[in-house]
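Trainee: My structure is below; once you've seen it, I'll send some questions.
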Amino acid sequence: MSDDEVLRAVFPFLDEKDLVSCMEVCKQWRGIAKDDYFWKCLCAKRWPSICKHPDPTITYYRLYQTFYKRHKRRQLLPPRLSFDDLEFFIDIWSDDCLIFSEVVPGPSLLAGIKALPPGISEPIMSHLNCQEFRMALPTHPRFMIPFMQSASVSVLVRRKDSNAIACIMYKSLFDYVEWTSCRALAFDFLDFSPKYPFIADTRAWVSLFFIDDGSEGAMDVFGIEIDFCDSANSKEEVLWLLDMLDWK
């Protein structure tokens, strides 16, 4: 059996990544790997119906390239908003009692929690010490939430340039608690401007970081974090997301 025959026997069993890699080995392998039969097999696995009515003017190799090409993520344009122009209004209740109410400038959220208190869990310490984008602030003074009480949070954001206000979260319950990491979470779905009718089901999250020494019967909250990890994980992405909210 010749080398060409061996390659033609093996190539049908390869996926597209391996087949492309074979094309880069040498001219001989490239010529064989471009055989349209192999690419027809790959197309048939992904889009069986298109092989029933083939277009004689286009090869299956080109067809596969066209529809399976993974486009690189586009670089965002500079956001129109700046954290310097934003203020966040954060209110937290334990049952019906207001226990935290602050107006937080945008830069303060970016500053994060620098001085971590003793006794925090290892997962939260690792989370706050990593270099990823964070929107977090310490609570001064710290406050307690009894384990037997329900807690809720509302968050508004205001643009200083226009005084417009948008709602990020309204009276959302902290109904999920990660006891191993000492973190309570609440979420709400964002309301976007009617100019963006196809954006939906994007959530905002608020986390309470707390210390549980097992003796107080309550969460000793030392920090708050806001994130949009479902869809925005960088400063620029968050600013674009906020820009699309339904500002009033």
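The values are calculated or read from the model by the stated rules, or taken from the named source; none is laboratory data. Values in this document were obtained by computation on a predicted structure and should not be read as measured data. So basically every Cβ, Gly included, is an ideal-geometry build from the backbone, and we count neighbours across all protein chains shown. Accessible surface areas use protein heavy atoms only, side chains included; no ligands, DNA or RNA. Shrake-Rupley method; radii C 1.70, N 1.55, O 1.52, S 1.80 Å.
Trainee: Is it the case that some residue within segment 159-174 is open to solvent by less than 20 Å² (accessible area, probe 1.4 Å), in contact with a Phe, Trp or Tyr (Cβ under 7 Å, 6 or more places away or on another chain), assigned to a strand (DSSP E or B) and touching a residue at least 40 places away in the same chain (Cβ under 8 Å)?
Mentor: yes
Trainee: Same structure, new question: What number of residues within segment 224-237 satisfy the criterion of being in contact with a strand residue (DSSP E or B) (Cβ under 6 Å, 6 or more places away or on another chain), modelled with pLDDT under 95 and either in a strand (DSSP E or B) or within 27 Å of residue 142 (Cβ to Cβ) (or both)?
Mentor: 2
Trainee: Considering only residues that are open to solvent by 30 Å² or more (accessible area, probe 1.4 Å), of a type outside the set (Lys, Arg), farther than 22 Å from residue 146 by Cβ and not in a strand (DSSP E or B), which ones fall in segment 177-223?
Mentor: 191, 194, 196, 197, 198, 199, 200, 201 - these are the residues of segment 177-223 that are open to solvent by 30 Å² or more (accessible area, probe 1.4 Å), of a type outside the set (Lys, Arg), farther than 22 Å from residue 146 by Cβ and not in a strand (DSSP E or B).
Trainee: Checking residue 168 against (1) over 22 Å from residue 243 (Cα atoms); (2) touching a strand residue (DSSP E or B) at 6+ places or on another chain (Cβ under 6 Å): exactly one of these is not met. Which one?
Mentor: (1)
Trainee: OK, next. Take segment 180-238 and flag every residue that is touching a residue at least 12 places away in the same chain (Cβ under 8 Å) and on the phi > 0 side of the Ramachandran plot.
Mentor: 182, 201, 217
Trainee: I would also like to ask the following. Sort out which residues of segment 116-159 are small (Gly, Ala, Ser) and over 18 Å from residue 226 (Cα atoms), and write them in order of number. Write out each step before concluding.
Mentor: The first filter runs over segment 116-159 and keeps only residues small (Gly, Ala, Ser), leaving 119, 121, 126, 136, 150-152, 154.
Within segment 116-159, 119, 121, 150 meet the criteria.
Trainee: Working only within segment 1-17, note down all residues that are part of a helix (DSSP H, G or I) and either of a type in the set (Ser, Thr, Tyr) or surrounded by fewer than 13 Cβ atoms within 10 Å (Cβ to Cβ) (or both).
Mentor: Residues satisfying the conditions are 3, 4, 5, 6, 9, 10, 12, 13, 17.
Trainee: Among the residues of segment 126-138, are any more than 21 Å from the chain's Cα centre (by Cα) and modelled with pLDDT of 90 or more?
Mentor: yes
Trainee: Then there's this: Can you give me the number of residues within segment 2-13 that are within 23 Å of residue 45 (Cα to Cα) and touching a residue at least 12 places away in the same chain (Cβ under 8 Å)?
Mentor: So the answer is 4.
Trainee: State which residue pairs qualify: first residue loosely packed, with under 14 Cβ neighbours inside 10 Å and inside segment 85-111, second residue charged (D, E, K, R) in any location, beta carbons under 6 Å apart, and separation of 6 or more residues or different chains.
Mentor: Listed by first residue and then by second, the contacts come to 101/91; 103/87.
Trainee: Identify, from the list 76, 63, 42, the residue that is in contact with a helix residue (DSSP H, G or I) (Cβ under 7 Å, 6 or more places away or on another chain), surrounded by 11 or more Cβ atoms within 10 Å (Cβ to Cβ), closer than 30 Å to residue 241 by Cβ and of a type outside the set (S, T, N, Q). Explain how you work it out, then say what you get.
Mentor: Details: 63 fails: closer than 30 Å to residue 241 by Cβ; 42 fails: closer than 30 Å to residue 241 by Cβ.
76 is the lone residue from the list that is in contact with a helix residue (DSSP H, G or I) (Cβ under 7 Å, 6 or more places away or on another chain), surrounded by 11 or more Cβ atoms within 10 Å (Cβ to Cβ), closer than 30 Å to residue 241 by Cβ and of a type outside the set (S, T, N, Q).
Trainee: Please count how many residues of segment 28-66 are of a type in the set (D, E, K, R) and at pLDDT below 80.
Mentor: Count: 4.
Trainee: Continuing with this model, one more query. Inspect all residues belonging to segment 128-147 and state whether any of them is open to solvent by 70 Å² or more (accessible area, probe 1.4 Å), in a strand (DSSP E or B) and either under 25 Å from residue 241 (Cα atoms) or in contact (Cβ under 8 Å) with a residue 60 or more places away in the chain (or both). Please lay out each step first, then the result.
Mentor: Restricting attention to segment 128-147, the residues satisfying the condition of being open to solvent by 70 Å² or more (accessible area, probe 1.4 Å) are 129, 131-132, 140-142, 144, 147.
Narrowing the set further to residues that are in a strand (DSSP E or B) leaves 140-142, 144.
Next, from what is left, pick out any that are either under 25 Å from residue 241 (Cα atoms) or in contact (Cβ under 8 Å) with a residue 60 or more places away in the chain (or both): 142, 144.
Looking through segment 128-147, at least one residue is open to solvent by 70 Å² or more (accessible area, probe 1.4 Å), in a strand (DSSP E or B) and either under 25 Å from residue 241 (Cα atoms) or in contact (Cβ under 8 Å) with a residue 60 or more places away in the chain (or both).
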